[in-house]
Amino acid sequence: MKRKFKGFTGSMVVALLLAVSLILGGCSSGKSSKADSEAAEPYKVGAVLDISGTSSSLGTPERDTLLMMVDKINAEGGIQGHPIELIIEDNKSDETEAVLAANKLIEKGVLAVLGGSSSGTSMAIIKTVQDAQIPMISLAAASSIVEPAAERQWVFKTAQSDIIMINKIIEYLKKNNMTKIAFMYMNNAYGDNGKKAISAAAPQNGITIVAEEKFDATDNDMTPQLTNVKSSGAQAVVVWAIPPSASILTKNYKDLGLTIPLIHSHGVGNQKFIELAQDAADGVILPIGKLPVTDQIADSDPQKAVLTSYINDYQNKYNTAPNSFGGYAADALSLLVKAIEKAGPDRSVIRNELEKTQGLVGVSGVFNMSEQDHNGLSEDSAVLVQIEDGKWKILQ
């Protein structure tokens, strides 16, 4: 050693080597520690879902979808090394509970809020998220959730808007020369928005609403309203509701012997509707996203691969088929993850990136957001189906 390091004593060489080792070791340790710290820092995402209560048929598959997807994303390394910490709150299908849940999530520092499942709970938390300046992605349908966009800067949604589905229904009515309809709707935000949309669209297309009947989500018998419809001279009945009331109405419809077409909204787009309505569901017509009829759409459809992947993942996880409502949750998380990948943990930039979304192929359609459109879906995101033998069939 003394010969190799001319001019240095043995003790000096040892000291020098020790100093170099400490410097290099310190640098390496510092970088590793910082990387480990950053990798371990979770991105908090909140969800306010209608898991119990009258809208539970919506919120339960949405919860299950989010849990499944977050597990998968985290297993694959999270968002650029950051695991997602998903915090779910049950709003019990109650608007007041929804506001309390949203405030709780904001206090916990979530980057965004997904939900609510229904139009009412979604509308209830808009002011809360707007005031807090935190992105919200609703899973509900009412157009007013995101319109006007200038007044809903922090709010987006994944379910097709009412007018998209109403245009599908009007297309069917015109094709079959039906000019007189009865309209029945739930006494809540979803029903009210459906009424508003069809009241505007029907006259423009030569269609007259000859009867209009309202019912509550908790009603157990709609026979009185249907009796009025039966004597109205309507050529078809259009209903804007969700289970269980939508299923009860459908059973009442059959019991009364009504034979004119019964057309529901996409609010019944899950197997729960068919289970509750039983054989009365057969013959029901409705506009819906493509998920329930994935095996019937062309392989060239841009959604086919995404739909197939989601179905396989959900069936493997839960041993049951997914539905459109779970699909709304899948799209919400996909939109958010893409935005966070570009923005990092900055709520304002996340909002901006959500608004810039273009060409994101989801379960519910291809999303093209803009400053004027915080839903981003067009009419080709939906198809018209009829229920036959408890199955969804595309109506040609």
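Going 7 Å from the Cα of E41 along its beta-carbon direction, which residues of the stretch 94-118 have the amide nitrogen within less than 15 Å of the resulting point?
Within reach of a label on E41: 109-111.
In Å, what is the Rg of the alpha-carbon atoms in the stretch 257-396, and how long is Dmax?
16.9, 58
Restricting the count to DSSP beta bridges whose residues both fall in the chain, what percent are antiparallel, rounded to a multiple of 5?
Percentage antiparallel, nearest 5: 30.
Below 22 Å Cα-Cα, how many Lys pairs turn up in the stretch 175-235? Only count pairs eight or more apart in sequence, or on different chains, if you could.
Summing the qualifying lysine pairs gives 9.
Which of the three applies to the stretch 241-304, rounded, prolate or oblate, going by the alpha-carbon gyration tensor with a ≥ b ≥ c and a/c under 1.5 meaning rounded?
Working: a/c = 2.78, a/b = 2.18, b/c = 1.28.
Taking the square roots of the gyration eigenvalues as a ≥ b ≥ c, the stretch 241-304 is prolate.
Arrange the residues T227, T121 by how much accessible surface each exposes, largest first, with a 1.4 angstrom probe. List each step's numbers first, then the result.
Working: T227 70, T121 5 Å².
Correct descending sequence by accessible area is T227, T121.
Over its Cα atoms, what ratio of radius of gyration to 2.2 N^0.38 Å does the chain give?
Here the answer is 1.24, to two decimals.
Using only the Cα atoms, what convex hull volume per residue in Å³ does the stretch 94-160 have? Present the calculation step by step, with values, prior to reporting the outcome.
Details: hull volume 4.4 nm³, N = 67.
Given the Cα convex hull of the stretch 94-160, per-residue volume reads 65 Å³.
Could you provide, to the nearest whole Å², the per residue accessible area of the stretch 258-314 with probe 1.4 Å?
Each residue of the stretch 258-314 exposes 37 Å² on average to a 1.4 Å probe.
Applying a 10 Å radius around every beta-carbon, put 249-257, 268-276 in order of their mean neighbour count, most first.
For the peptides 249-257, 268-276, the packing ranking is 268-276, 249-257.
Going by the alpha-carbon gyration tensor, a ≥ b ≥ c the square roots of its eigenvalues, is the stretch 157-277 rounded (a/c under 1.5) or, if a/c is not under 1.5, prolate (a/b greater than b/c) versus oblate?
Taking the square roots of the gyration eigenvalues as a ≥ b ≥ c, the stretch 157-277 is oblate.
Computed FRET efficiency, Cβ-Cβ of K196 and D380, R0 22 Å: what is it to the nearest 0.05?
E between K196 and D380, to the nearest 0.05, is 0.40.
Can you tell me which of 353-361, 122-130, 49-57, 137-145 comes out highest on packing, and rank the rest after it, using the mean Cβ neighbours within 10 Å?
Per-residue mean Cβ counts within 10 Å order the peptides as 137-145, 49-57, 122-130, 353-361.
Enter the mean projected area of the convex hull around the alpha-carbon atoms of the stretch 152-209, in nm², rounded to one decimal.
4.7 nm²
Could you state the angle between the C-alpha long axis of helix 324-343 and the longest principal axis of the C-alpha atoms of the chain, as a value from 0 to 90 degrees rounded to the nearest 10?
Taking Cα atoms only, the helix is inclined about 30 degrees.
With r as the distance between the Cβ atoms of D313 and K108 and R0 = 35 Å, compute the FRET efficiency 1/(1 + (r/R0)^6) and round to 0.05.
Computed FRET efficiency for K108 and D313: 0.80.
What nm distance separates the two modelled labels at E275 and E151, each placed 7 Å from Cα along Cα→Cβ?
3.9 nm
Under 25 Å between C-alpha atoms is the cut-off here; go through the stretch 241-396 and count lysine pairs that meet it, provided they're at least eight residues apart or on different chains.
Here the count comes out as 26.
Assign unit charges at the C-beta atoms only (+1 for Lys and Arg, -1 for Asp and Glu), then state the dipole size of the chain relative to its Cα centre in Debye, rounded to the nearest 20. Walk me through the numbers on the way to the answer.
Values: 36 positive and 45 negative charges, 326 e Å.
Roughly 1560 debye for the chain.
Rounded to the nearest 0.05, what FRET efficiency do Q130 and E341 give with R0 = 35 Å and r taken as the Cβ-Cβ distance? Could you check?
Numbers: r = 25 Å, r/R0 = 0.70.
After rounding to 0.05, the efficiency reads 0.90.
The values are calculated or read from the model by the stated rules, or taken from the named source; none is laboratory data. Note that the structure is a prediction, hence the values are computed from the model and not measured. Note that we place each Cβ from the backbone using ideal geometry, even for glycine, and neighbour counts take in every protein chain shown. For accessibility, only protein heavy atoms count, side chains too; no ligands or nucleic acids. Shrake-Rupley method; radii C 1.70, N 1.55, O 1.52, S 1.80 Å.
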